[in-house]
Amino acid sequence: MLDGRVEVNGAVVRELGTRADPTHDVIRVDGRRIRLPERRRYVLLNKPRGYVTTRSDPQKRPTVIDLIGSRDYLYPVGRLDFDSEGLLLLTNDGDLAATLTHPRHGVPRVYEARVLGVPDAHDLRRLARGLVIDGRRTAPAEVRLVGGGPPSGEGGPARAQKPGPRRGAASRSRPRDGGATLVITVREGRNRQVRKMCDAIGHPVASLTRVAIGPLRDPGLKVGRWRELTDDEVRRLRAAGAARRDAR
């Protein structure tokens, strides 16, 4: 300070003991701004439909940031499209965000997709093996039919995946509209990937919910609500990316 190397809000400060608040004042030493270490935050949101997964939207639609209402600079990790809901991570940790979104780390995302019609065994194999969307083949996926399909005794992949209801009992998993529910696990984050995969087999998505990101699940988190991750959850997220990378 005595050498005139310190500036506060553009003015050189030489008096020892001068006070300044780095959260409001611009403090420079030798021309370089001094910043406080940024507190890392990890927020898990159960995104509703009707929100865009961006910090701002030129069309003035509501964003996921509106739901958080935080002054910290948080940004979404990956995307959930406007008409989809489910788990979404927001953070200011760029390293973790890169780990979770880069395909080489292969961190799984699990979706529940209500589709029109009932995919047969051939359709399910196509989804699992990978199919071409937007001119490029998708990576192998894990696919299960957990609701819908023919009633017990008529055969079909649903019978093999999940036992039928007791005789006379109503099946809560069988959609009344004749559709089906698929659980699809993907390890890449392409734009509207699950919807496009289901379109490719002729069974469009009626509703889509992300239920897991890597090791993160929280069936008790209500739609539109959010919470901070625990230290253990952050460690497990990091480990999920590292384990997949090391396996390669």
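Given the residues Arg114, Arg79, which is the only one that is in the same structural domain as Glu142 (by TED's automatic domain parsing) and either in a strand (DSSP E or B) or within 18 Å of Lys47 (Cα to Cα) (or both)?
Arg114
What are the residues in region 182-218 that are surrounded by fewer than 18 Cβ atoms within 10 Å (Cβ to Cβ), of a type in the set (Gly, Ala, Ser) and not in a loop (DSSP other than H, G, I, E, B), if any?
Across region 182-218, the qualifying residues are Ala200, Ala206, Ser207.
Only one of (1) touching a Lys or Arg at 6+ places or on another chain (Cβ under 9 Å); (2) outside the structural domain of Asp81 (by TED's automatic domain parsing) is not met by Arg14, so which one is it?
(1)
Take the conditions hydroxyl-bearing (Ser, Thr, Tyr), surrounded by fewer than 21 Cβ atoms within 10 Å (Cβ to Cβ) and either closer than 17 Å to Val194 by Cα or not assigned by TED's automatic domain parsing to the domain that holds Thr181 (or both) and apply them to Thr53. Does it pass?
No.
The rows are residues; the columns are (1) surrounded by fewer than 16 Cβ atoms within 10 Å (Cβ to Cβ); (2) at pLDDT below 50; (3) touching a Ser or Thr at 6+ places or on another chain (Cβ under 6 Å); (4) in the same structural domain as Asp134 (by TED's automatic domain parsing).
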residue: Ala158; (1), (2), (3), (4): no, yes, no, yes
residue: Gly220; (1), (2), (3), (4): yes, no, no, no
residue: Arg225; (1), (2), (3), (4): yes, no, no, no
residue: Asp232; (1), (2), (3), (4): yes, no, no, no
residue: Ala240; (1), (2), (3), (4): no, no, no, no
residue: Arg244; (1), (2), (3), (4): no, no, no, no
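Looking at this structure, is Leu90 over 25 Å from Ala200 (Cα atoms) and in a strand (DSSP E or B)?
yes
The values are calculated or read from the model by the stated rules, or taken from the named source; none is laboratory data. Since the model is a prediction, treat every value here as computed from it, not as a measurement. With ideal geometry, Cβ positions are generated from the backbone for all residues, glycine too; neighbour counts draw on all protein chains shown.
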